[in-house]
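Worksheet: the structure to be examined is printed underneath.
The values are calculated or read from the model by the stated rules, or taken from the named source; none is laboratory data. Owing to the predicted nature of the structure, the values given are computational and were not obtained by experimental measurement. Positions of Cβ are backbone-derived with ideal geometry, glycine not excepted, and every protein chain shown enters the neighbour counts. Each accessible area value is taken on the protein alone, full model and side chains, heavy atoms only, with ligands, DNA and RNA left out. Shrake-Rupley method; radii C 1.70, N 1.55, O 1.52, S 1.80 Å.
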Amino acid sequence: GIVCMRGVVWKDADGTVPRVASSAANPATAITDESYGCFNGNRIDWFQPAALKLWGWVRDGVTLRTRNGEWWLGSEGGALRYAPLSDLRDLRTAIPIAIYDTNSGLPANLIFKLFEDSRGDVWISTYSSITFGLSRFERRTGRIHDMGHLPGLPSPVNDYVRSMVEDPFGNVWLGFDSGLARYSGGAIAFFTAKEGLSAGSIRGMHVDRSGRLWLASDGAGLIRVDNPSAPFPAFVTYTTSNGLSSNSLRTIVEDGHGYLYVGGGNGIDRLDTATGRVRHFTQADGLKPGLL
């Protein structure tokens, strides 16, 4: 029940974390630090795992708690795997049970996304200036498999996995800049504009309570897939013409009532999936400015 986060924290030169963001720091001596934080009911306790030395520039989608309670942290130096811990704050002093990097078979050390499927396997998207990569940690054997060169996927030299999700049928979906991939039974089906998918980088994905797949596209808006297991899924697109505030989206979440909340650079849109109605939330409703 503890809410935790990863981000950049303003500090004074002595390492003190201001209670009120950057405005509380001395502008002449303030520094920034990558940190994890956990909300204890009154304030956020910020900390840095002792074993995490090279944080890198990726902050979202690189902290994973697996079904067996393990913690995986993505970094510029690979993926750090920790034994099960009940409290994220125990990572202050914990020692990883493994670190997966190029020496372990990853194509690159910078972790871009981490995702666990229903089999307990961990999918790892990596990024570098030379080549991108997609790997899968197989839980049963403990082996790292190269998935980036599967027939049907874009070349890892040109494109990389930005988002991942699993549908109710056990298919793993991979979002690229150039399209959308479905991994099923060891085979890849790749969907682009030729198959009816609107062009745009797939930055976020979500499977709703009805089993429908939703895509947050940077350029095409919000895309719905009603039949994700079909050989040729149908794609339904929601854009600014349907009431969205932007066609450049990054995130999707669902609340207990079945409403979808999608975020980009113009606030948050709430979609009533039953009626198609959109409500827009901005700074006037209490949001802080900035990219969501």
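Tell me, please, whether a residue that is outside any loop (DSSP other than H, G, I, E, B) and polar (S, T, N, Q) can be found in region 180-190.
Within region 180-190, one or more residues are outside any loop (DSSP other than H, G, I, E, B) and polar (S, T, N, Q).
Can you spot a residue in region 197-204 that is out of contact with any Pro (no Cβ under 8 Å at 6 or more places or on another chain), in a strand (DSSP E or B) and hydroxyl-bearing (Ser, Thr, Tyr)?
yes
Scanning region 249-283 for residues that are more than 22 Å from Val207 (Cβ to Cβ) and not in a loop (DSSP other than H, G, I, E, B), which turns out least open to solvent (accessible area, probe 1.4 Å)?
Phe281
Considering each of Arg136, Arg140, Arg119, Arg81 in turn, give the residue that is in a strand (DSSP E or B), free of Cβ contacts under 8 Å to residues at least 60 places away in the same chain and over 23 Å from Arg6 (Cα atoms).
None of the other options fit; the residue is Arg136.
Looking at (1) touching a Phe, Trp or Tyr at 6+ places or on another chain (Cβ under 7 Å); (2) in a loop (DSSP other than H, G, I, E, B); (3) surrounded by fewer than 15 Cβ atoms within 10 Å (Cβ to Cβ), can you tell me which one Pro96 breaks?
Of (1) touching a Phe, Trp or Tyr at 6+ places or on another chain (Cβ under 7 Å); (2) in a loop (DSSP other than H, G, I, E, B); (3) surrounded by fewer than 15 Cβ atoms within 10 Å (Cβ to Cβ), only one is false for Pro96: (3).
Taking the residues in region 115-133 that are open to solvent by 20 Å² or more (accessible area, probe 1.4 Å) and touching a Phe, Trp or Tyr at 6+ places or on another chain (Cβ under 7 Å) as candidates, determine which candidate is nearest to Trp46 (Cα to Cα).
In this case the residue turns out to be Phe115.
Find the residue count for region 143-173, including only residues that are of a type in the set (Asp, Glu) and either in contact with a Lys or Arg (Cβ under 6 Å, 6 or more places away or on another chain) or assigned to a loop (DSSP other than H, G, I, E, B) (or both).
2
Quick check on my filter: what residues within region 154-188 are open to solvent by less than 30 Å² (accessible area, probe 1.4 Å) and among the aliphatic types (A, V, I, L, M)?
Val161, Met164, Val165, Val172, Leu174, Leu180, Ala181, listed by residue number.
Can you find a residue in region 223-245 that is β-branched (Val, Ile, Thr) and farther than 30 Å from Pro151 by Cα?
yes
Would you point out the residue of region 221-243, among those that are in contact with a strand residue (DSSP E or B) (Cβ under 9 Å, 6 or more places away or on another chain) and over 22 Å from Thr275 (Cβ atoms), that is surrounded by the fewest Cβ atoms within 10 Å (Cβ to Cβ)?
Applying the filter and picking the extreme gives Pro231.
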